[in-house]
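Have a look at the structure below, then the notes.
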Amino acid sequence: MTRKYTEDHEWLEIAGDIATVGITDYAQQQLGDVVFVELPSIGKKVTKGGDAAVVESVKAASEVYSPATGEVVEVNSDLEAAPNTVNDDPHGKGWFFKMKLSNSGELDSLMDEAGYKAFVEGLA
Amino acid sequence: MSDWSKAVSAFKSAGEGAPTMTGNLGLQLEEPLIFEQGEDGRCGVDLPPVPKVESKLGGLARKGRIGLPGLSEPQVVRHYTRLSQKNYAIDAGLYPLGSCTMKHNPRLNEKMARLPGFSDVHPLQPVSTVQGALELIDTLAHWLKTLTGMPAVAMSPAAGAHGELCGMMAIRAAIEAKGERRTRVLVPESAHGTNPATAAACGYIVDPIPANARGRVDIEAFKAKLGDDVAAVMITNPNTCGLFESEIIEIAELIHSVGGYFYCDGANFNAIVGRVRPGDLGVDAMHINLHKTFSTPHGGGGPGAGPVVLSEALAKFVPMPYVVQEAGSYKLVEHEGEGGQNFGRLKAFQGQMGMFVRALTYMMSHGADGLRQVASDAVLNANYILARLKDEMSPAFDGPCMHEALFDDTFLKGTGVTTLDFAKAMIDEGYHPMTMYFPLVVHGALLIEPTETESKDAIDQFIAVLGGLAQRAKQGDQADWFRAAPRYTPRRRLDETSAARKPILRWMPETESKEAAD
């Protein structure tokens, strides 16, 4: 399994043609306490860079963009009752949704862990 | 002894370790909710006994108690007086909320609004008996059209966001009248949240335009998004970064060239009133917050009022009702088919009459030259703050600003102090904080709008407080001190996270809320 990162601070973990998507630790720190998560419906067709979910914190509401094109196959509905999971475990239990990838070639342009780390350091 | 401690513990508001028995701190009084006060049967007025009547409600008659508190008149008076004393208002001090234009509400406005010819009229009165009130609406409309350089105005919208809805519905009506179908509305990322919300409420897809490094609309990105499916662009000018959109005329020409319309959010009109006419910039629709630019009460003291000026292309779609002058008298156009292609009715009556009186009073008492001075002074005050604090804090963008000074949180970097902590420390110094974390395009934003209301003395004191706090934060090792603020308020740091995650939206008697929790 490999992890990739976007410039919009989403991560995705790829296993075959299924990717699990969440927001990064940096993103949750910037947002502050998450109070609400709106998840996509299963079966929703998402495009790379298009809106997929909404995350709302005490500071702001933000879109979560889909890091790739495909179809949503599973959502983490635990987040609806416990949005704080996004703060507590952003890279694990705080995942947002799983998607079936329709164009694995898109993933090449995403950053790996080292690349994302350097990207975040560049923002600081 | 034990009896006394029981008596003291009856004061629920005094928590463990509180400095006083009651929870009151001097004359800063604790105040329970009105439902937590009083007792059954107590009443402020003598009501006649209810005669025995046979209920005709059958099984629908209420069985439980209504649950109104039993209180005497002085108890009610004290309750609301105490609550009002906890309120912070422009009448109490400087109110620097950016993007809100919290300016002084002149007392002359109030005097005029209380004239019986304005305060005692009813919107359903025969038109012949309210000619003066209709003339006032028409005169205010004339001022608004003149100040904006626009040919028409819809007076009825109740506030800014309602005005946006009115403007966007007029745009949609114009597009439909041409038999076109357009699906997208372009909105800059720095826009007020109501802009994309309005576009979505009108059924459009919101397409965001990024800002450039100068805090303005990225014109190349805007061009790339243009097409014959674009209904409108919604832009605030001056924008929410407190900057004038310098390419506004080109933006207007470009949107018109693809057959779209230009909606301008007039929330920041205070910065340009009497100096720039939005009609000259190519605007098709713009709401005007009378409760900002034209000094009518704002926030809890409202209501707001949001008339919308319309261009020639949109004028005939103005919603009902509106005032027209015919043969020397005023009448109201109340029905479809009475001329124009109005898109219907937005509001039951003619608009916020009390606010119209106040706004026109403000305009006439200032005159055209006075309004120009308002804009100049508002911009000067904001630039004075920006200039005096630019070394101590960190301006978000280079160069002068319009009516509000915008800082980011670079100056707090490495101190452990956040924008929120900084704002809370301001409260202890007696200041209402500025707008925080907005616009979203600026990290840890602090948006300060002093308005023209403030004297130089008041602004100097405010600057001293901000500068002093910034210096303190930068001394190092001050994060805990800031995190402990506010120290001197009736309640200290509120738990915003729990309030959002588990909001309690309705008061319930203790027994009921206990049951609900179980």
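If you check B:LEU136, B:LEU124, which single one turns out to be part of a loop (DSSP other than H, G, I, E, B) and closer than 21 Å to B:SER329 by Cβ? So that I can check it myself, show each step before the final result.
Details: B:LEU136 fails: part of a loop (DSSP other than H, G, I, E, B).
Just a single option satisfies the conditions, and that option is B:LEU124.
Here's a check for you: in region A:39-53, which residue that is more than 10 Å from A:PHE97 (Cβ to Cβ) and assigned to a strand (DSSP E or B) is nearest to the other protein chains (Cβ to nearest Cβ)?
A:ASP51
Condition check ((1) outside the structural domain of B:ILE427 (by TED's automatic domain parsing); (2) under 28 Å from B:SER455 (Cβ atoms); (3) within 28 Å of the chain's Cα centre (by Cα)) across all residues:
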position: B:THR22; (1), (2), (3): yes, no, no
position: B:PRO48; (1), (2), (3): yes, no, no
position: B:LYS56; (1), (2), (3): yes, no, no
position: B:GLY59; (1), (2), (3): yes, no, no
position: B:ARG62; (1), (2), (3): yes, no, no
position: B:TYR80; (1), (2), (3): yes, no, yes
position: B:GLY93; (1), (2), (3): yes, yes, yes
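Looking at (1) out of contact with any Gly (no Cβ under 8 Å at 6 or more places or on another chain); (2) in contact (Cβ under 8 Å) with a residue 24 or more places away in the chain, which one does B:CYS166 not meet, given that it meets all the others?
The single condition B:CYS166 does not satisfy is (1).
Of these, B:ALA378, B:ALA359, which one is in contact with an Asp or Glu (Cβ under 7 Å, 6 or more places away or on another chain), surrounded by 14 or more Cβ atoms within 10 Å (Cβ to Cβ) and in a helix (DSSP H, G or I)?
On the way: B:ALA359 fails: in contact with an Asp or Glu (Cβ under 7 Å, 6 or more places away or on another chain).
The unique qualifying residue is B:ALA378.
Report yes if some residue within region B:341-355 is on the phi > 0 side of the Ramachandran plot and either touching a Gly at 6+ places or on another chain (Cβ under 6 Å) or not aromatic (Phe, Trp, Tyr) (or both); otherwise report no. Don't jump to the end; show me each part of the working.
From region B:341-355, those on the phi > 0 side of the Ramachandran plot are B:344, B:351; that's our starting set.
With the extra rule that they be either touching a Gly at 6+ places or on another chain (Cβ under 6 Å) or not aromatic (Phe, Trp, Tyr) (or both), the set shrinks to B:344, B:351.
Checking region B:341-355: at least one residue is on the phi > 0 side of the Ramachandran plot and either touching a Gly at 6+ places or on another chain (Cβ under 6 Å) or not aromatic (Phe, Trp, Tyr) (or both).
Would a scan of region B:239-250 turn up a residue that is in the same structural domain as B:ILE175 (by TED's automatic domain parsing) and in contact with a Cys (Cβ under 6 Å, 6 or more places away or on another chain)?
Of all residues in region B:239-250, those in the same structural domain as B:ILE175 (by TED's automatic domain parsing) come to B:239-250.
Among the residues that remain, those that are also in contact with a Cys (Cβ under 6 Å, 6 or more places away or on another chain) are: B:242.
There is at least one residue in region B:239-250 that is in the same structural domain as B:ILE175 (by TED's automatic domain parsing) and in contact with a Cys (Cβ under 6 Å, 6 or more places away or on another chain).
Among the numbered conditions (1) in contact (Cβ under 8 Å) with a residue 40 or more places away in the chain; (2) in a loop (DSSP other than H, G, I, E, B); (3) out of contact with any helix residue (DSSP H, G or I) (no Cβ under 6 Å at 6 or more places or on another chain), tell me where B:LYS424 comes up short.
Unmet condition: (2).
Scan B:PRO400, B:PRO439 and give me the residue that is part of a loop (DSSP other than H, G, I, E, B), within 27 Å of B:PHE244 (Cβ to Cβ), without any contact (Cβ under 8 Å) to a residue 40 or more places away in the chain and not assigned by TED's automatic domain parsing to the domain that holds B:LEU243.
From the options B:PRO400, B:PRO439, the qualifying one is B:PRO400.
So, in region B:339-385, exactly how many residues are over 22 Å from B:GLY304 (Cβ atoms), among the charged types (D, E, K, R) and modelled with pLDDT under 95?
Qualifying residue count for the region: 0.
For region B:430-451, which positions are modelled with pLDDT of 95 or more and surrounded by 21 or more Cβ atoms within 10 Å (Cβ to Cβ)?
Matches in region B:430-451: B:MET434, B:ALA445, B:LEU446, B:LEU447, B:ILE448, B:GLU449, B:PRO450, B:THR451.
Filtering region B:54-91 down to residues that are part of a loop (DSSP other than H, G, I, E, B) and of a type in the set (Lys, Arg), which residue is modelled with the lowest pLDDT? Please lay out each step first, then the result.
Of all residues in region B:54-91, those part of a loop (DSSP other than H, G, I, E, B) come to B:54-57, B:61-72, B:87-91.
Keeping just the survivors that are of a type in the set (Lys, Arg) gives B:56, B:62-63, B:65.
Values: B:LYS56: 89, B:ARG62: 84, B:LYS63: 82, B:ARG65: 77.
Result: B:ARG65.
Could you check how many residues of region B:491-506 are surrounded by 12 or more Cβ atoms within 10 Å (Cβ to Cβ), more than 17 Å from B:PHE422 (Cα to Cα) and at pLDDT 85 or above?
4
In this structure, is A:GLU56 within 14 Å of chain B (Cβ to nearest Cβ) and loosely packed, with under 15 Cβ neighbours inside 10 Å? Steps first, answer last, please.
Working: within 14 Å of chain B (Cβ to nearest Cβ): yes; loosely packed, with under 15 Cβ neighbours inside 10 Å: no.
No; evaluated as a whole, the condition is false for this residue.
Return the total of residues in region B:461-497 being away from every other protein chain (no Cβ under 14 Å), part of a helix (DSSP H, G or I) and acidic (Asp, Glu).
1
What number of residues in region A:1-38 are away from chain B (no Cβ under 14 Å), in contact with a Phe, Trp or Tyr (Cβ under 6 Å, 6 or more places away or on another chain) and outside any strand (DSSP E or B)?
Number of matching residues: 1.
Tell me, which residue of region A:66-84 that is surrounded by fewer than 20 Cβ atoms within 10 Å (Cβ to Cβ) and within 12 Å of chain B (Cβ to nearest Cβ) is nearest to A:SER104 (Cα to Cα)?
Ranking the qualifying residues of region A:66-84, first place goes to A:GLU80.
Residues are listed down the side, and each one gets a yes or a no for (1) modelled with pLDDT of 90 or more; (2) charged (D, E, K, R); (3) not in a loop (DSSP other than H, G, I, E, B):
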| residue | (1), (2), (3) |
| --- | --- |
| B:ARG275 | yes, yes, no |
| B:SER295 | yes, no, no |
| B:GLY300 | no, no, yes |
| B:GLY304 | yes, no, no |
| B:VAL309 | yes, no, yes |
| B:PHE317 | yes, no, no |
| B:VAL323 | yes, no, yes |
| B:TYR330 | yes, no, yes |
| B:GLY337 | no, no, no |
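Considering (1) in contact with a helix residue (DSSP H, G or I) (Cβ under 7 Å, 6 or more places away or on another chain); (2) buried (at least 23 other Cβ atoms within 10 Å of the Cβ), say which one B:CYS166 fails and leave the rest.
Exception for B:CYS166: condition (1).
The values are calculated or read from the model by the stated rules, or taken from the named source; none is laboratory data. Since the model is a prediction, treat every value here as computed from it, not as a measurement. All Cβ positions, even for glycine, are placed from backbone atoms using ideal geometry, and neighbour counts span all protein chains on display.
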